[in-house]
Amino acid sequence: MNTTYRARRWATTGAGLALALSLAACGGNVGGGSDAEGEDFPGGDPITILVGQDPGGSTDLIARAAAEGLSDDLGVPVTVENKPGANGALAAQELAGEDPDGHTLMVYNGSLAYITPLAVGEGEAPDIADYDIVTGLSLDDYVLVTAPDSGFATVEDLAAAGRPVTFGTTGVGTGSQLSQELLFAQADIDATAVPFDGGSPTLTAVLGGQVDVGSIQLGEAIEQIEAGELTAIVTFAEERPSYLSDVPTAVEAGYDVPVQQARAVFAPKGLPEDVMTALRDGFQAAFEEEAYQQFNEDNQLTAWEVDGDEVRETWTSNLDEYRSVVEEFGIELGGE
Amino acid sequence: MDTLAVDIAPVLDGFTVVLEPTNLLYCLIGVTVGMLVGVLPGLGPAATIAILLPITIGIEPVTAIIMLSGIFYGAQYGGTITSVLLKLPGEASSVVTVFDGHALSRQGRAGTALGIAAIGSFVGGTVSIVALSFLAPVVASFALDFGPPEYTALALLGILLVSTISSGSRLKALVAASIGLLLATVGRDAFTGGERFTFGNLNLADGLDFVPIAMGLFGLGEILYNLEERHTAAQAPMKVANVWPSRRDLRQSSGAIGRGSVLGFVLGILPGGGATLASLAAYAVEKRRSKTPERFGNGAVEGVAGPETANNAAATSSFIPLLTLGIPANATMAVIFGALLVIGVSPGPQLVTEEPELFWGVINSMYIGNILLLIMSIPLVGLFVKILRVRPAILAPITVLITLIGVYTVNNSVFDIVLVIVFGVLGYLMKKLGFDPGPLLLAFVLGVLLEESLRRSLLIFDGNAAEFFTRPISGTLLVVFLLVALLPLIGKAFARRRSAEQQNDTTKELV
């Protein structure tokens, strides 16, 4: 692998223009031992993993980390292709149109399966029943944070604020929005949602005291929490994440609002049995690599390497549960 | 943290880190790759860094990040080249460079424009790094004081500037800007999830992207227009002379470079749109200060020097929120953030104290990188300018091809290629009818910022708009906005009255 890298570096300096173009054209993971051509995985053709988010985000990084190990095990190149748009629905739409031969996969965000459908119009979010699911990947936690000088440290403090509370969300139809809407509805707190465009603008607004609180993915806020620049109020998983074990969960605080971001590998519907088995084994091997486990830990991700049936079951019941609780409290995720 | 500005030892340690041969080499590789992707329309630093991420895994964190940041500011240099030579702005922050840069190029002074831009970028970058070294922890909180209300005021001010920078008719500029604002509303509403002008097409759900619009309106539109020109008048390849700026050019632009450095540094700290606003503001300032504003748009050197200095200074200062607060200020910073995580470094408030070697290594590598870029540009400017000697019949199709490939690579989207063609036709029609596409594009960029910030502010204020004036920064900015908008009108009204009624006593008192 090292020689490949070195060669590539020199190529970069030398024929940079041509290389940059060709790199751009393949647009993905240039690593991967692709020396075993035409072996192992059904056919020697490369595998493309679609990502419905921008390069550099958590979903993209997870896809690239898994691709590395998958490529090593299956002996074919695995490239990651970013196709951002509509919370990932654009990439999902493309996936549905591909041949079910195992050579096109997608890292699918749980929020697109069980939260976005509650916020956007009928038919604007894909249905997971239209896909085959290869494996679960990992879980990401949301944490409710506030600036230390806001004077809030617990949910009770927020309830006792004596004024409407503003909360920043990372966008409409996200776990960040759902987790807070559910919490404030159950705690009977008068609160206004202020949607931002993603995690880091939300983080900025909370740090600067522009909004009172915000719900952010753990990996994006952990540094500020550890530095004491943000106070963590609650986390939203059923159990305390190991990365933030001294902060109570919303469930412990007495509210029934388990919300997590989950990710899984999807394939077009109709994957042959042997291809599915080969892929599952390939991913299992990737999960066992130390580099991948270290990656999860560095990014505060909890492994959730369950099989496709369990992913489908969990996500379907999540959607039903959220739909009923949202109706019960009269919450509008996407207002008119 | 406060002692940071005084404690010089880690700063010097940073230099020893940079001067290690490996790090110097990677710095060189970074800026070279950056410059080259900057030259390719569409393919930006964010995508390139993402693509090169796997390469960084095997090497030292400091080395990796030195290379990646080199790509980022190298691309700022490269982007100027296409703006000037081919009228293809790769990023929102180099749109204003097109106005005078391309005009200079048509006069055979492309070398002057590129030379001034390189010098301006170098000065802007360097000033910004020096400021960054000494002020980073102090000014970081400035970014946090900018909430939605402040951005609203800033965007309003920016849109006002847009209508004044156009060189043609004021009315046509306003029409173009309005179309830009309208285009900014396309996409899924960020507050309700409702679809706006998307016609059920998921490709439009996130709104229109800046790159295809810019490539179409300017690059493709220009090529189409020139094709038609060729039939009416035989067009020789552009003449290329004056490779280097004259002493007079340098004198003319020295003020612009100074002002651009300061504006760029300050506005670059703001997450989202900072660099665009900086280049826009620098251009408007130069035009307003000039005794001969009519030269702007027709090849004024200051019109290249100001914004080019500002966007490079802004690119550098946008590292401040990332390195001190752990907040990525733009798309490229977000990818660098991701890259740091991959190599096992978490950017955040503790970075300076926990990893001083990395922090100062990166910052000091920027000094070296900027020097390398300046040295490289000298021979390269001559080389790039030669592109213009190529006959249009050969150059145009190649440009179109590279543009379309470049745009495709941004989102791997065929839809974006269609967008380029649609906006290319629009750009052609606008040029034919005497409309300047600049205001359209800038209003489009600022329109998104204005709408979202305004709606966020009103949510925060619970609908009470008066609170805009009770916050110090937004209040001040709005007063400036009102002054800039109303003063010329008031002045004009008085002038008219004076000439009409010939009685100046009362008017003078009022003034």
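Only the coordinates and a few stated rules stand behind these numbers; no lab work does. Because the structure is predicted, anything quoted here is derived from the model rather than measured. Positions of Cβ are generated from backbone atoms using ideal geometry, with glycine treated the same way; all protein chains shown enter the neighbour counts.
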Output for region B:34-125: chymotrypsin sites (Phe, Trp or Tyr not before Pro) sitting in coil per DSSP, at most 10 other Cβ within 10 Å, listed by number, reads none
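Starting from the Cα gyration tensor of region A:50-110, take the square roots of the eigenvalues, sort them a ≥ b ≥ c, and report rounded, prolate or oblate (rounded when a/c is under 1.5, otherwise prolate if a/b is larger than b/c, else oblate).
oblate
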Computed for region A:142-259: size of charge dipole around the Cα centre, +1 on C-beta of each Lys and Arg, -1 on C-beta of each Asp and Glu, debye to nearest 20, value 200 debye
Here FRET efficiency (C-beta to C-beta, B:Arg498 to A:Ala153, R₀ 60 Å, nearest 0.05) is 0.40
For peptide B:330-337, the mean count of other chain Cβ atoms within 10 Å per residue Cβ is 3
Expected sort for B:Arg498, B:Arg247 with the fewest Cβ neighbours (10 Å cutoff) up front is B:Arg247, B:Arg498
Taking a ≥ b ≥ c as the square roots of the eigenvalues of the Cα gyration tensor, with a/c under 1.5 meaning rounded and otherwise prolate when a/b exceeds b/c and oblate if not, chain B is rounded
Yeah, chain A with a ≥ b ≥ c from its alpha-carbon gyration tensor (a/c under 1.5 is rounded, else prolate when a/b outruns b/c, oblate otherwise) is prolate
To the nearest 20 debye, region A:90-146 has a Cα-centred charge dipole, built from +1 on Lys and Arg Cβ and -1 on Asp and Glu Cβ, of 260 debye
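Assuming R0 = 22 Å, can you tell me the calculated FRET efficiency for the pair B:Phe15 and B:Gln350, based on Cβ-Cβ distance, to the nearest 0.05?
0.45
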On each of the three principal axes the extent of the alpha-carbon atoms of the protein assembly as shown, given in whole Å and largest first, is 81, 67, 59
Asserting the computed 222 nm helical MRE of chain B (DSSP H runs at least 4 long, -39500 (n - 2.57) per run, divided by residue count, to nearest 500) equals -24000 deg cm²/dmol
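Between beta-carbons, use under 11 Å as the cut-off and find the net charge around B:Ile116, counting Lys and Arg +1, Asp and Glu -1.
Taking every Cβ under 11 Å from that of B:Ile116, the sum is -3.
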Farthest towards the positive end of the dipole of chain A, among A:Gly85, A:Pro272, A:Gly43 and with Cβ unit charges of +1 on Lys and Arg and -1 on Asp and Glu, lies the Cα of A:Gly85
So, with points 7 Å from each Cα along the Cβ direction, the A:Glu98-B:Leu171 label distance in nm works out to 5.4 nm
Per the 1/(1 + (r/R0)^6) rule, R0 = 30 Å and r from the Cβ atoms of B:Leu227 and B:Thr185, FRET efficiency to 0.05 is 0.40
Highest mean packing first, using Cβ neighbours within 10 angstrom, the peptides B:23-29, B:115-121 sort as B:115-121, B:23-29
Here the whole-number average of other chain Cβ atoms within 10 Å per Cβ of B:186-192 is 6
Computed about the Cα centre, the charge dipole of chain B from +1 Lys/Arg and -1 Asp/Glu charges at the Cβ has a magnitude in debye, to the nearest 20, of 2380 debye
For A:Ala160 and B:Ile421, extending 7 Å from Cα along the Cα-Cβ vector and measuring point to point gives, in nm, a value of 6.6 nm
Using alpha carbon centers only, region B:87-115 is separated from region A:252-327 by a whole-angstrom value of 50 Å
